[in-house]
Every structure is written in C-alpha cells, then in structure tokens.
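Written out below as structure tokens is the structure these notes cover.
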Amino acid sequence: MDTLKEHFQVFLDSAKSEIATKMNLILKGAFLATVSTAIPFSEYILASESRTLYPAGVHSTNGSILNAESLLRTPNGSAVFNGPSAVTFDFGKNVGGVVSVEVGSSSSPNASIGLTYTESSLWINTQACDATGGPQLDEPLWLPVGEGPGTYTVARYHDRGAFRYLTVVSNTNASIEVKSVSTYFTAAPLQNLTRYEGYFHSNDEQLNRIWYAGKL
C-alpha cells in the first residue's frame, strides 16, 4: 500500500510540474504578445507591403505634361506628354528594382520614353543617370512606346539598385499618354518585407530607427 501511495505521489508531483511549466509558457507568451502589441512597430518599418511601388510625389516637370500627379500612388492614372518633356518623380525614400511604364496611346510609331535615376535631387538629369555627381554617367534607358498600348518594362539586367528620383523623358514630338509608372522592388526576393522577426524598442528614437532600418 505504501508503495502504491508513493507511486501516486510521484505521478501527482510530475503532473503538477508539467502543468506549472505549461502555464508559465502561456503566461510568458501572453506577456510578450501584450508587450509587442504596445510597441509601435509600424512607424519604424519602411518597407512596403507590396513589391510594386508607385511614385509618392512629383519633384519637377519640364515641357508640356498634363496631369502628372495622376500617376502618384496608383496604377490608374492618365498623364499626357506633349512633345519634348520630362517629369521627375520622387518615391519618398530609396527604392530599387525594375521599372515599368504603362502607355495608353502615342501619336507616333517612333515615340519613346527614357528613364534616368538618381538617389539625390542634386543629380537629377534628363540626359543621364548620375548617382554621385562623379565622372561616370549611365545613359537613359529607352522604351519604344510607339509600338502601341501596353506595359513596357526595362530588361531584368537593368535592375536598378538604390534610387529615389526617377525621371521620365519624352524626346520626340509625339503625344504620349502614360497610365502608370511603377518599380517592382527586387531586394530580398524570398523575404516578406514587412514581417520582422523579433522586436526592439528603447527610449532612444534614433537607435530604434537604426535597428529597424538594418533589420530587412
């Protein structure tokens, strides 16, 4: 009888220990969930939920362009380039990837759209891509949009690294309707851009932003 009681007591002690361990894990999980919910992560995450990025603003225009603002933050715009003209779009932050231009119509089969890129507004140029103001310049990438309505995308090997400003250039006398300008973000291709593993928060705002900027 004593042996049976001893075995039963061992069983009870083991069950209590297992229950206590599980309860501790549940409480820790609930605590961490509460803490993480209370920390304002979203304000530090600069990555977009979508890899398809649209310009956030118009930095400047040259020549005759109607309704350039319609191309901001949407795939459903309608801007018209009349003759030699250019618009510089601001993505609001450094992005990178493959650029596409959707064209609704053009008045000439010889119509073309050129693209130039830069990280700084100091080096915006309709004739070349200039990242640093140095001696090495890249020529504009030209898209033969006179071939008809549709989406024209630069070749994959023209995947552009960091840029914030994108200048869209028309260099002929044609009238061209542009329906959208977008960049497909190609960095970290296998990663969910907004899914940050773990979290960090301190009373130093600059340190918080540095941690999240380097987390991607």
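The values are calculated or read from the model by the stated rules, or taken from the named source; none is laboratory data. Worth saying up front: this structure is predicted, and the values here are computed from it rather than measured. Cβ: placed from backbone, ideal geometry, glycine included. Neighbour counts: every protein chain shown.
The numbered conditions (1) part of a loop (DSSP other than H, G, I, E, B); (2) out of contact with any helix residue (DSSP H, G or I) (no Cβ under 8 Å at 6 or more places or on another chain); (3) not assigned by TED's automatic domain parsing to the domain that holds Leu66 are all true for Tyr199 except (2).
Conditions tested, residue by residue: (1) modelled with pLDDT under 95; (2) among the acidic types (Asp, Glu); (3) touching a His at 6+ places or on another chain (Cβ under 8 Å).
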| residue | (1), (2), (3) |
| --- | --- |
| Gly148 | yes, no, no |
| Arg156 | yes, no, no |
| Asp159 | yes, yes, no |
| Val169 | no, no, no |
| Val178 | no, no, no |
| Val181 | no, no, no |
| Tyr184 | no, no, no |
| Leu190 | yes, no, no |
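Scanning region 160-210 for residues that are among the aromatic types (Phe, Trp, Tyr) and either under 30 Å from Gly114 (Cα atoms) or free of Cβ contacts under 8 Å to residues at least 60 places away in the same chain (or both) returns Phe163, Tyr165, Tyr184, Phe185, Phe200.
Going by the structure shown, is Arg209 modelled with pLDDT of 90 or more, of a type in the set (D, E, K, R) and either farther than 30 Å from Ser105 by Cβ or under 17 Å from the mean Cα position of the chain (by Cα) (or both)? Answer is no for this residue.
Of the candidates Asn82, Asn125, Asn62, Asn94, the single residue that is in contact (Cβ under 8 Å) with a residue 12 or more places away in the chain and part of a loop (DSSP other than H, G, I, E, B) is Asn125.
Which ones in region 99-112 are part of a strand (DSSP E or B), touching a Ser or Thr at 6+ places or on another chain (Cβ under 6 Å) and either of a type in the set (Val, Ile, Thr) or over 25 Å from Thr186 (Cβ atoms) (or both)? Selection gives Val99 alone.
When Ser112, Ser108 are checked against the criterion of being modelled with pLDDT of 95 or more, surrounded by 17 or more Cβ atoms within 10 Å (Cβ to Cβ) and among the polar types (S, T, N, Q), a single residue qualifies: Ser112.
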